[in-house]
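The values are calculated or read from the model by the stated rules, or taken from the named source; none is laboratory data. Because the structure is a prediction, the values reported are computed rather than measured. Here the Cβ positions follow ideal geometry from the backbone for every residue, glycine too, while neighbour counts run over all protein chains shown. Please note that ligands, DNA and RNA were not included when accessible areas were found on the heavy atoms of the full protein model with its side chains. Shrake-Rupley method; radii C 1.70, N 1.55, O 1.52, S 1.80 Å.
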Amino acid sequence: MSIRIRPDKCVGCKRCIEACPGNLIKLNEQGKAWIKHEKDCWGCTSCLKECKVDAIAFFLGADIGGRGSTLSVTQKGDRNIWKVENPAGEIQTIEVNKKDANKY
Amino acid sequence: METKKIHTDVLIIGGGTAGCYAAITLGKEKDVKVLIAEKANIKRSGCLAAGVNAINAYITEGRVPQDYVDYCKKDGAGIVREDLLLSMSERLNEVTENMEKLGLVILKDENNKYVTRGNRNIKINGENIKPILADAVKKQENVTVLNHVNITDYIVEKNQIKGAYGFDVNEQVFYEIYAKAVLCSTGGAAGLYRPNNPGFSRHKMWYPPFNTGAGYAMGILAGAEMTTFEMRFIALRCKDTIAPTGTIAQGVPAKQLNAKGEVYETKYGLTTSQRLYGTVTENREGRGPCYLGTKGISSEQEKDLFKAYLNMAPSQTLKWLEAGQGPSQQNVEIEGTEPYIVGGHTASGYWVDNNRETTVHGLYAAGDVAGGCPQKYVTGALAEGEIAAEAILSYLQTHKEVPEEDAVKAKEKQQEYETYLSQKQSLLTIEQAEESMQKIMDEYAGGISTDYQYNESRLKLADEKICNLMEDCKKLSAEDMDDLLRIYEIRERLVVCRVVIAHLLARKETRWHSFAENMDYPDQSEEWLKYVNSRMENGNINIYLRELVTGGMAYEHTDSTR
Ligand SMILES: Cc1cc2nc3c(=O)[nH]c(=O)nc-3n(C[C@H](O)[C@H](O)[C@H](O)COP(=O)(O)OP(=O)(O)OC[C@H]3O[C@@H](n4cnc5c(N)ncnc54)[C@H](O)[C@@H]3O)c2cc1C
Ligand code: SF4
Ligand code: SF4
């Protein structure tokens, strides 16, 4: 399990680098973020939440059942809009309002 | 390496749950200078990075703090500090209300009362609990935050704390920090044992892989007394994603089933270790895999679970959606994790008094790093942060002298860092060292591969091998500060491993199944209603057995116990 950063989308703002609790993301010479320690990602999704341009997606490694789908998130005010995209390009979204408590 | 020297009144090591709350509490005394040194960034560091699901420790209506103490005592089979548990429990509700004032969303009913989940939990939206705490810290004028500074050692003289050393994890900067009082709040230790998913997803573990036991190691190396490291915490989690199960078990609620569909939890008992042991035993005896029985829940419930996991362990929701089968169609497979050392779930950590002062003068500990007081969870860590902060304020009243700098010692530490940065790569790499440590612990000190069981012969081998590895690790080489961070993370874990092994060897009984399953002594014994404590003295780990501190008693340090 880890993250993938799209260089075409990344604007090099370093927000993800600042936030990662494991110091796993670095800036390359082209000024783009890249994950240096791919196998050390905890899956906390902090970097996804920090990125304003939706350049980071999260995926499960094949060793834990991953089959190529990715998870990403964008924020609109109080809402986190989570998006799961499968390899065929089909998208499912789930909206979570930060003002709503968990039912469980 | 550039040197930065800092003087402060209070140094907080680790800006996590307990550390941030201590800083907010200290923020009320504007003339006290406070510095937080945090290896990551307090906005999303530590246990709370992804968010949490519920407040697990709360005194619900009709109950009193003593009920919570009694529950923890039963779950820990007596090896708890009742004085610490009570002082924590008395503050659980107050810190919860404060968190709500800071912006935490808590579910309320029509009468404006918190909605409870079971006897001790309340329902929240905990996704942004860490940014909420971090924002509150930033508002304190007297608190400075040093993000991305990793602390490795205390400065201690004659058992009196004077500060700590560390380094910037990106830039070549050495930090020499002097303080009148220090709070250690670095959390527990993960990554000691081979994890559930040792390959590509090796860090898909429950406890943060970045909490590597630095606080324990620093204390051990400084000769501080530690308690109950043999009470390892092994969590029962969703298979593969290692996501928490409480949301389903208590929230839905769902029972533990074996492969035949039989409810097995009642056979083994309902304490935390018994639930785990039951699952391990069902698997061993050929009735696995084990599940949480969710099949047949409504699609409404399923949708709520998707959301709840996105607020805390998003990989589980991805797993369900990717498989095209949610918990309503498929039971959720569960497994035990590798053992962690976590003083907020079990009782391992610093031996502290009721002020959360350690056996080192002026050094305090709160949260997962502090021992004797299990089942703290979020609110308990906040409560301990507050207790320690208040105690530090009164300590400062009588300890006003500025600690004297020690240039010689500082130079030595800086040279230690520089040696790693300059020496040539030996055959052992950082990766190999980590793998080797985890394999030794797994096979010889009761990891997943032996169903958490061990005996004396294996433990003695484990210690020998860990000691050899520690020697070899002195030759590790760092290309940059990022490598240096990873070298110290291994060093910390190796120190913790040695103490875990020493404690497992010392307790000659099986008090808790799985957590400390000693095959030489497979039964519980009244004789061992004692704390197993330890101190590192001249490089040896010496064990001290202490009498239980039970209801109505309060432990205080004396000159002879320091
Ligand atoms: C995945 C997960 C889910 C949980 N869910 C819940 C829940 O739903 N409800 C609940 O009540 N409890 C929950 N808990 C438990 C609770 O979150 C913890 O017990 C509590 O947050 C621990 O607080 P702490 O301050 O001790 O540690 P942390 O909050 O982890 O803080 C430790 C800090 O120290 C820093 N640090 C470590 N080493 C160093 C060093 N060498 N130098 C500088 N800084 C350092 C870390 O980066 C981190 O910021 C959960 C825990 C986890 C891991
Ligand atoms: S998901 Fe978390 S651990 Fe992984 S790279 Fe992003 S911020 Fe770091
Ligand atoms: S937050 Fe997004 S845009 Fe900014 S550096 Fe990271 S990936 Fe690039």
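If a residue has to be at the interface with chain B (Cβ under 10 Å from one of its Cβ atoms) and buried (at least 19 other Cβ atoms within 10 Å of the Cβ) to count, how many in segment A:48-71 make the cut?
12
Mind checking which residues of segment B:149-192 are more than 10 Å from ligand 1 (Cβ to nearest atom), polar (S, T, N, Q), over 15 Å from B:Q414 (Cα atoms) and more than 14 Å from chain A (Cβ to nearest Cβ)?
Listed by number, the residues that qualify are B:N159, B:Q160.
Would you pick out the residues in segment B:308-327 that are of a type outside the set (S, T, N, Q), within 7 Å of chain A (Cβ to nearest Cβ) and crowded, with 21+ Cβ neighbours inside 10 Å?
B:A308, B:L310, B:P314, B:L318, B:K319, B:E322
Do we find a residue being buried (at least 18 other Cβ atoms within 10 Å of the Cβ) and over 15 Å from B:G380 (Cβ atoms) anywhere in segment B:78-85?
First, pick out the residues of segment B:78-85 that are buried (at least 18 other Cβ atoms within 10 Å of the Cβ): B:79-85.
From the residues that got through so far, the ones that are over 15 Å from B:G380 (Cβ atoms) too are B:79.
So far as segment B:78-85 goes, yes, one or more of its residues are buried (at least 18 other Cβ atoms within 10 Å of the Cβ) and over 15 Å from B:G380 (Cβ atoms).
So, of the residues in segment B:233-251 that are in a strand (DSSP E or B) and open to solvent by less than 20 Å² (accessible area, probe 1.4 Å), which turns out to be farthest from the other protein chains (Cβ to nearest Cβ)?
As a first pass, look at segment B:233-251 and keep what is in a strand (DSSP E or B): B:233, B:236-238, B:244.
Okay, now just the ones that are also open to solvent by less than 20 Å² (accessible area, probe 1.4 Å), so B:233, B:238.
Details: B:F233: 17, B:C238: 10 Å.
The residue in question is B:F233.
If you take just the strands (runs of 3 or more DSSP E) that sit entirely in segment B:1-74, which of them hold at least 2 residues that are at pLDDT below 95, crowded, with 17+ Cβ neighbours inside 10 Å and among the hydrophobic types (A, V, I, L, M, F, W, C)? Working first, answer last.
Numbers: elements: B:2-13, B:34-38, B:52-55.
Those strands (runs of 3 or more DSSP E) span B:52-55.
So B:T337 fits all but one of (1) open to solvent by 10 Å² or more (accessible area, probe 1.4 Å); (2) touching a residue at least 12 places away in the same chain (Cβ under 8 Å); what number is the exception?
Unmet for B:T337, out of (1) open to solvent by 10 Å² or more (accessible area, probe 1.4 Å); (2) touching a residue at least 12 places away in the same chain (Cβ under 8 Å): (1).
Evaluate segment B:111-134: report whether one residue or more is on the phi > 0 side of the Ramachandran plot and touching a residue at least 24 places away in the same chain (Cβ under 8 Å).
Yes, segment B:111-134 contains a residue that is on the phi > 0 side of the Ramachandran plot and touching a residue at least 24 places away in the same chain (Cβ under 8 Å).
Conditions (1) under 30 Å from B:E335 (Cα atoms); (2) free of Cβ contacts under 8 Å to residues at least 40 places away in the same chain; (3) of a type outside the set (A, V, I, L, M), marked per residue:
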residue	(1), (2), (3)
B:L146	no, no, no
B:N159	no, no, yes
B:L183	no, no, no
B:N197	yes, no, yes
B:M231	yes, no, no
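Between B:G163, B:G187, which is surrounded by 24 or more Cβ atoms within 10 Å (Cβ to Cβ), in contact with a strand residue (DSSP E or B) (Cβ under 6 Å, 6 or more places away or on another chain) and at pLDDT 95 or above?
Result: B:G163 is the single residue among B:G163, B:G187 that is surrounded by 24 or more Cβ atoms within 10 Å (Cβ to Cβ), in contact with a strand residue (DSSP E or B) (Cβ under 6 Å, 6 or more places away or on another chain) and at pLDDT 95 or above.
Looking at (1) in a helix (DSSP H, G or I); (2) within 20 Å of B:G219 (Cβ to Cβ), which is the only condition B:L396 fails?
(2)
With the structure loaded, tell me whether B:E230 is modelled with pLDDT of 95 or more, closer than 30 Å to B:I541 by Cβ, of a type in the set (D, E) and open to solvent by less than 30 Å² (accessible area, probe 1.4 Å) or whether it fails that test. If you could, list the steps in order and put the result at the bottom.
On the way: modelled with pLDDT of 95 or more: yes; closer than 30 Å to B:I541 by Cβ: yes; of a type in the set (D, E): yes; open to solvent by less than 30 Å² (accessible area, probe 1.4 Å): yes.
When the stated conditions are applied, B:E230 passes them.
Quick test for you: out of B:T346, B:T317, pick the one residue that is at pLDDT 95 or above and not in a loop (DSSP other than H, G, I, E, B). Lay out the reasoning, then the answer.
Working: B:T346 fails: not in a loop (DSSP other than H, G, I, E, B).
Unique residue meeting the criteria: B:T317.
I'm trying to understand the selection: among the residues of segment B:198-227, which are open to solvent by less than 10 Å² (accessible area, probe 1.4 Å) and either under 29 Å from A:M1 (Cβ atoms) or assigned by TED's automatic domain parsing to the domain that holds B:R507 (or both)? Break it down into steps so the answer makes sense when it comes.
Step one: list which residues in segment B:198-227 are open to solvent by less than 10 Å² (accessible area, probe 1.4 Å), which gives B:201, B:205, B:207-209, B:212-213, B:215-220, B:224-227.
Answer for segment B:198-227, where residues must be open to solvent by less than 10 Å² (accessible area, probe 1.4 Å) and either under 29 Å from A:M1 (Cβ atoms) or assigned by TED's automatic domain parsing to the domain that holds B:R507 (or both): B:S201, B:M205, B:Y207, B:P208, B:P209, B:T212, B:G213, B:G215, B:Y216, B:A217.
Return the residue satisfying two criteria in turn: it lies in segment B:117-157 and is open to solvent by 10 Å² or more (accessible area, probe 1.4 Å), touching a Lys or Arg at 6+ places or on another chain (Cβ under 7 Å) and of a type in the set (D, E, K, R), and of such residues it is nearest to B:G14 (Cα to Cα).
B:D153
Checking the structure you have, find out if any residue of segment B:465-478 is among the small types (G, A, S) and either part of a helix (DSSP H, G or I) or modelled with pLDDT under 95 (or both). Break it down into steps so the answer makes sense when it comes.
Residues of segment B:465-478 among the small types (G, A, S): B:477-478.
Among the residues that remain, those that are also either part of a helix (DSSP H, G or I) or modelled with pLDDT under 95 (or both) are: none.
No, every residue in segment B:465-478 fails to be among the small types (G, A, S) and either part of a helix (DSSP H, G or I) or modelled with pLDDT under 95 (or both).
When the residues of segment B:252-272 are narrowed to those that are in contact with a Pro (Cβ under 9 Å, 6 or more places away or on another chain) and more than 23 Å from B:W512 (Cα to Cα), which ends up farthest from the other protein chains (Cβ to nearest Cβ)?
B:A259
For segment B:43-64, check the following and say yes or no: at least one residue is more than 16 Å from B:M88 (Cβ to Cβ), small (G, A, S) and more than 14 Å from chain A (Cβ to nearest Cβ).
yes
Taking B:S298, is it small (G, A, S), within 12 Å of chain A (Cβ to nearest Cβ) and open to solvent by 40 Å² or more (accessible area, probe 1.4 Å)? Before the answer, list the steps.
On the way: small (G, A, S): yes; within 12 Å of chain A (Cβ to nearest Cβ): yes; open to solvent by 40 Å² or more (accessible area, probe 1.4 Å): yes.
Yes.
Count, please, the residues in segment B:427-453 that happen to be without any contact (Cβ under 8 Å) to a residue 60 or more places away in the chain, open to solvent by less than 40 Å² (accessible area, probe 1.4 Å) and outside any helix (DSSP H, G or I).
1
Kindly provide the set of residues from segment B:211-230 that are within 15 Å of ligand 1 (Cβ to nearest atom) and either away from chain A (no Cβ under 14 Å) or not in a helix (DSSP H, G or I) (or both), ordered by number. Before you say what the answer is, go through the steps one by one.
The initial filter retains those residues of segment B:211-230 that are within 15 Å of ligand 1 (Cβ to nearest atom), namely B:211-222.
Within segment B:211-230, B:N211, B:T212, B:G213, B:G215, B:Y216, B:A217, B:M218, B:G219, B:I220, B:L221, B:A222 meet the criteria.
Evaluate the following for B:L469: is it without any contact (Cβ under 8 Å) to a residue 24 or more places away in the chain and surrounded by fewer than 21 Cβ atoms within 10 Å (Cβ to Cβ)? Please lay out each step first, then the result.
Numbers: without any contact (Cβ under 8 Å) to a residue 24 or more places away in the chain: no; surrounded by fewer than 21 Cβ atoms within 10 Å (Cβ to Cβ): yes.
Against the criterion (without any contact (Cβ under 8 Å) to a residue 24 or more places away in the chain and surrounded by fewer than 21 Cβ atoms within 10 Å (Cβ to Cβ)), B:L469 does not qualify.
I'm trying to understand the selection: among the residues of segment B:274-286, which are in contact with a helix residue (DSSP H, G or I) (Cβ under 8 Å, 6 or more places away or on another chain) and either surrounded by fewer than 18 Cβ atoms within 10 Å (Cβ to Cβ) or over 22 Å from B:K204 (Cβ atoms) (or both)?
Step one: of segment B:274-286, the residues in contact with a helix residue (DSSP H, G or I) (Cβ under 8 Å, 6 or more places away or on another chain) are B:274-275, B:277-278, B:281.
If the condition is that a residue be in contact with a helix residue (DSSP H, G or I) (Cβ under 8 Å, 6 or more places away or on another chain) and either surrounded by fewer than 18 Cβ atoms within 10 Å (Cβ to Cβ) or over 22 Å from B:K204 (Cβ atoms) (or both), then B:Q274, B:Y277, B:G278, B:T281 are the ones that fit.
Residues that are out of contact with any strand residue (DSSP E or B) (no Cβ under 8 Å at 6 or more places or on another chain) and in a loop (DSSP other than H, G, I, E, B): does segment B:481-496 have at least one?
The answer is no; no qualifying residue exists.
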